[in-house]
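In what follows, a single structure is set out as structure tokens and then discussed.
The values are calculated or read from the model by the stated rules, or taken from the named source; none is laboratory data. From a predicted model like this one, the values you see are computed outputs, not experimental measurements. Every residue, glycine among them, receives a Cβ derived from its backbone with ideal geometry; neighbour counts consider all protein chains shown. We work out accessible area using only protein heavy atoms, side chains counted, and drop any ligands, DNA or RNA first. Shrake-Rupley method; radii C 1.70, N 1.55, O 1.52, S 1.80 Å.
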Amino acid sequence: MALLERSDWYDIARTTNWTPTYVSESELFPDLMTGAMGVPMEQWESYPVRYRDHLTLVDRFLAGHIQPPNLGGALQYMGLAPGEIGDDAHQYSWVAAYRDQRAEKKAA
């Protein structure tokens, strides 16, 4: 089987859409889930070609672009020093409840 370049199959894959026949469009794609706000499906904008080769942060981790593959590597990749990421506004007081639950489970 021959492998295609992304540019060769992208337009084909994008245009092989199917049309719902057994359910209504609003049932298949509820506004709450799609955010379409009543715009018919044929008017939806397709994923722009300019984003087709974009890699998400997870894609970059998996491709090995971020080294070391941990939070420190991600911060370095984004150009953020540890002091620039900030602290929790409540000084992580919300963690105390979980820490206490864990300690209670260990003691039991």
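Just a few scattered comments:
- Loop chymotrypsin sites (Phe, Trp or Tyr not before Pro), segment 27-108, which have at most 12 other Cβ atoms in a 10 Å radius of their Cβ (DSSP): Trp44, Tyr92, Trp94
- The accessible-area ordering, largest first, of the residues Leu75, Leu57 stands as Leu57, Leu75, per a 1.4 angstrom probe.
- Calculated FRET efficiency for the pair Asp87/Tyr22, C-beta based, R₀ 41 Å, to 0.05: 0.20
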